[in-house]
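Here's the structure, in structure tokens; my notes come after.
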Amino acid sequence: MSQNILQLLLDSFWKILLPGITVTIPLTVISFSLAMVIAIITAMIQYAKIPVLRQLARFYIWVIRGTPLLVQLYVVFFGLPSIGIRVAAFPSAVTVFAINEGAYCAETMRAAIESVPAGQMEAGYCVGMNYLQIMRRIVLPQAFRTAFPPLFNSLIGMVKDTSLAANITVAEMFFATQRIAGRTYQFMALYLELALIYLIFSTVLTRLQALGEKRLNSYGGNKN
Amino acid sequence: MALLKVNNVAKSFDGSPVLNGVSLSVEQGDVIAIIGPSGGGKTTFLRCLNFLETADQGTMKFDGKSYDMAHMSSKEINEVRRHTGFVFQNYNLFRNKTALQNVTEGLIVARKMNKEQAEEIGMRMLEKVGMADRANHYPSQMSGGQQQRTAIARALAQSPKIIYFDEPTSALDPELIGEVLSVMRDLANEGMTMIVVTHELEFAKQVSSKTIFLEGGVIVEEGPSKEFFAHPERPRTREFLRLEETRF
Ligand SMILES: Nc1ncnc2c1ncn2[C@@H]1O[C@H](COP(=O)(O)OP(=O)(O)OP(=O)(O)O)[C@@H](O)[C@H]1O
Ligand SMILES: [Mg+2]
């Protein structure tokens with residue numbers, strides 16, 4: 001009996017890991033990259049206090065942070081078709097994860113940008129640079145340094161959240177495990193195995209974060 | 001003809017006036033010291049001159065051109081800033097850039113100079129302030145005095161016609177003040193035009209050509225520095241000078 005379970009775990013390991021590599025990771029990487037673009041734009045709109053757009057940004061963050069991710073997935077994948085908009089499962093998931101994560105990361109970025117002293121901007125003006133040049137070359141790099149740990153937290157969180165995409169038929173790791181479990185009824189063993197694989201993913205990312213922080217701090221960080 | 005002439009500069013914050021009609025004329029090669037008690041409007045005045053703050057009122061004549069200080073287009077602001085340097089009390093070096101990059105950043109990004117040429121100028125300026133051997137250090141790796149000297153090199157690299165200093169030594173430990181003042185003294189001797197807000201009365205006395213006492217947003221007294229310190233006319237000026245001297 002336990003021999004069988006061991007065999008099952010070994011067999012299923014690759015069957016779960018494979019969609020992890022081909023679906024979970026691409027889903028995470030693409031969604032998070034898009035989320036960062038959304039976050040930076042949303043944060044800059046608020047920082048620059050651009051009228052109307054700024055209210056839109058606040059509205060976006062309010063709605064997204066105030067509603068469950070799972071519900072957002074359902075609205076896009078099961079809801080939109082009823083008004084004639086049909087999007088395949090994977091792009092639906094990318095869209096929802098990017099928009100959802102973008103709202104959280106926007107707040108992280110906004111706080112990080114605001115933490116850069118106003119004097120950095122003023123010094124830039126005094127050597128003739130314009131707003132966007134100072135943003136791009138002086139303020140955002142410093143803000144990224146501050147935001148790096150919390151952003152990486154968000155990234156690790158997102159890897160695990162992608163399991164929710166199984167609910168809209170994206171064939172990622174959780175989806176694959178569910179199918180094997182449905183056939184074999186070894187729920188305990190298989191879901192623990194799945195948990196272990198997520199743990200491996202997170203551990204690798206945590207290592208990457210430590211390496212990244214070390215590199216960023218090589219010049220002594222943001223202190224004056 | 002004066003290099004810089006400002007007339008009747010006024011500025012208030014949230015309804016409370018901070019500058020009440022300040023006028024000033026600066027000749028090429030002048031070193032103007034601005035002294036006065038805390039909250040008197042010295043910083044605000046300098047910031048208005050470089051448009052980090054927008055004056056409510058006032059006219060400026062700089063380098064032969066006239067400006068309405070309350071209504072500046074960004075083109076006009078750039079025109080003035082292109083020929084001015086600004087040195088802050090707390091240095092404000094770009095924290096993500098080395099000393100050399102701090103000096104070359106404006107040249108490369110704003111003036112579109114090529115990197116080699118910018119670095120050549122940058123190294124020359126760092127040498128001038130005694131920071132050449134620290135060219136690749138980040139601000140977090142420098143002392144306050146080294147940061148401020150780098151900030152001066154950054155201002156110099158813009159080949160400014162005038163440099164504004166806002167209490168350049170106030171944030172420094174006493175033993176680091178001398179190295180910054182000596183760089184400024186060299187600049188003055190080379191004929192650089194400067195306006196220096198300072199609490200260093202000795203420096204004002206020795207280096208500046210003219211001293212202005214600013215309090216309550218108005219110029220209480222001004223004059224050639226020698227006379228200003230030897231025979232201050234206003235009782236208020238005398239009181240301030242006496243208080244400042246007994247501070248130490
Ligand atoms: N951005 C601002 N908003 C509101 N009030 C301000 C602002 N900047 C300066 N003030 C006020 O204006 C007055 C003059 O300030 P300013 O910094 O120009 O004085 P100062 O002469 O440079 O003083 P110090 O010697 O302490 O540097 C102060 O009362 C200050 O509180
Ligand atoms: Mg001041």
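Please treat every number below as a calculation from the coordinates, not as lab data. What you are looking at is a predicted structure, and each value in this text was computed from that prediction instead of being measured. Neighbour counts are summed over all protein chains in view; Cβ atoms, including those assigned to glycine, are modelled from backbone coordinates with ideal geometry.
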(message) Below 8 Å between Cα atoms, with a sequence gap of 6+, how large is the relative contact order for chain B in percent?
(response) 26 percent
(message) Averaging over every viewing direction, what projected area does the convex hull of the Cα atoms of the stretch B:1-92 cover, in nm²?
(response) 6.4 nm²
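Mind checking the stretch B:163-238 for GluC sites (Glu not before Pro) that DSSP puts in a loop (not H, G, I, E or B) and that have at most 13 other Cβ atoms within 10 Å?
Details: sites: B:Glu175, B:Glu179, B:Glu190, B:Glu200, B:Glu202, B:Glu215, B:Glu221, B:Glu222, B:Glu227, B:Glu233; in loops: B:Glu190, B:Glu200, B:Glu233.
Answer by residue number: B:Glu190, B:Glu233.
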(request) Compare the Cα positions of A:Ala106, A:Val116, A:Leu192 along the charge dipole of the stretch A:2-223 (+1 at Cβ of Lys, Arg; -1 at Cβ of Asp, Glu; about the Cα centre) and return the one farthest towards the positive end. (result) A:Val116
(message) Using the crude model of +1 on Lys and Arg Cβ and -1 on Asp and Glu Cβ, and no other charge, please compute the dipole size for the stretch B:172-240 relative to its Cα centre, in debye to 20.
(response) 320 debye
(request) For chain A, find the longest principal axis of its Cα atoms and tell me its angle to the long axis of helix A:89-114, 0 to 90°, nearest 10. (result) 40 degrees
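Could you state the orientation-averaged shadow area of the convex hull built on the Cα atoms of chain B, in nm² to one decimal? The partial results should precede the final answer.
Values: hull surface 54.3 nm².
Result: 13.6 nm².
Treat the count of other C-beta atoms within 10 Å as a stand-in for reagent exposure and order B:Glu53, B:Glu239, A:Glu101 from fewest to most.
Working: B:Glu53 18, B:Glu239 11, A:Glu101 26.
Sorted ascending by nearby Cβ count, the order is B:Glu239, B:Glu53, A:Glu101.
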(request) Starting with the highest mean, order A:207-214, A:13-20, B:6-13 by the number of other Cβ atoms within 10 Å, averaged over the residues of each peptide. (result) B:6-13, A:13-20, A:207-214
(message) Tell me the net charge near A:Leu190. Cut-off is 14 Å between Cβ atoms, A:Leu190 excluded, with +1 for each Lys or Arg and -1 for each Asp or Glu.
(response) +1
(message) Using the crude model of +1 on Lys and Arg Cβ and -1 on Asp and Glu Cβ, and no other charge, please compute the dipole size for the stretch A:2-223 relative to its Cα centre, in debye to 20.
(response) 360 debye
(request) Starting with the fewest neighbours, write out A:Met36, A:Met188 ranked by other beta-carbon atoms found within 10 Å of each beta-carbon. (result) A:Met188, A:Met36
(message) Test of understanding: ordering A:Arg65, A:Arg54 by Cβ neighbours within 10 Å, fewest first, what list do you get?
(response) A:Arg65, A:Arg54
(message) Compute the distance from the alpha-carbon center of the stretch A:46-104 to that of the stretch A:1-35, in whole Å.
(response) 27 Å
(message) Counting only helical runs of four or more DSSP H residues, what would the 222 nm mean residue ellipticity of chain B come to if each run contributes -39,500 (n - 2.57) and the total is spread over all its residues?
(response) -11000 deg cm²/dmol
(request) Identify, among B:Asn92, B:Ile152, B:Leu126, the residue whose Cα sits farthest towards the positive end of the charge dipole of the stretch B:90-160, taking +1 on the Cβ of Lys and Arg and -1 on the Cβ of Asp and Glu, with the dipole about the Cα centre. (result) B:Asn92
(request) Please get the size of the charge dipole for the stretch B:1-158, origin at its Cα centre, with Cβ charges of +1 on Lys and Arg and -1 on Asp and Glu, quoted in debye to the nearest 20. (result) 220 debye
(message) If you scale each eigenvalue of the Cα gyration tensor by 5 and take the root, what three semi-axes come out for the stretch A:2-223, rounded to whole angstrom and sorted largest first?
(response) 39, 23, 11
(request) Calculate the tail of P(r) for the protein assembly as shown: the fraction of all Cα-Cα distances greater than 29 Å, expressed in %. (result) 60 percent
(request) Could you tell me which of A:Val159, A:Leu132, A:Met173 has its Cα farthest along the dipole of the stretch A:131-191 towards the positive end, charges placed at Cβ (Lys, Arg +1; Asp, Glu -1), taken about the Cα centre? (result) A:Leu132
(request) Over the stretch A:2-223, calculate the relative contact order: mean separation of alpha carbon pairs under 8 Å at least 6 apart, over the residue count, as a percent. (result) 29 percent
(request) First obtain the Kirkwood hydrodynamic radius of the stretch B:152-243 from its Cα pairs, then insert it into the Stokes-Einstein equation at 20 °C and 1.002 mPa s, and state the resulting D in µm² per second as a whole number. (result) 150 µm²/s
(message) I want the local charge near B:Thr43. Using Cβ-Cβ distances under 13 Å, sum +1 for each Lys or Arg and -1 for each Asp or Glu among the other residues.
(response) -1
(request) Report the residue, chosen from A:Val52, A:Val76, A:Val159, that carries the largest GNM mean-square fluctuation when chain A is represented by alpha-carbon nodes joined by springs under 10 Å. (result) A:Val52
(request) Bin width 10 Å, alpha-carbon pairs only: give the P(r) of the stretch B:90-160 as whole percents, running from 0 to the bin holding the largest distance. (result) 25, 60, 15, 0
(request) Provide a whole-number value for the mean count of partner chain Cβ atoms within 10 Å of the Cβ atoms in peptide B:150-156. (result) 1
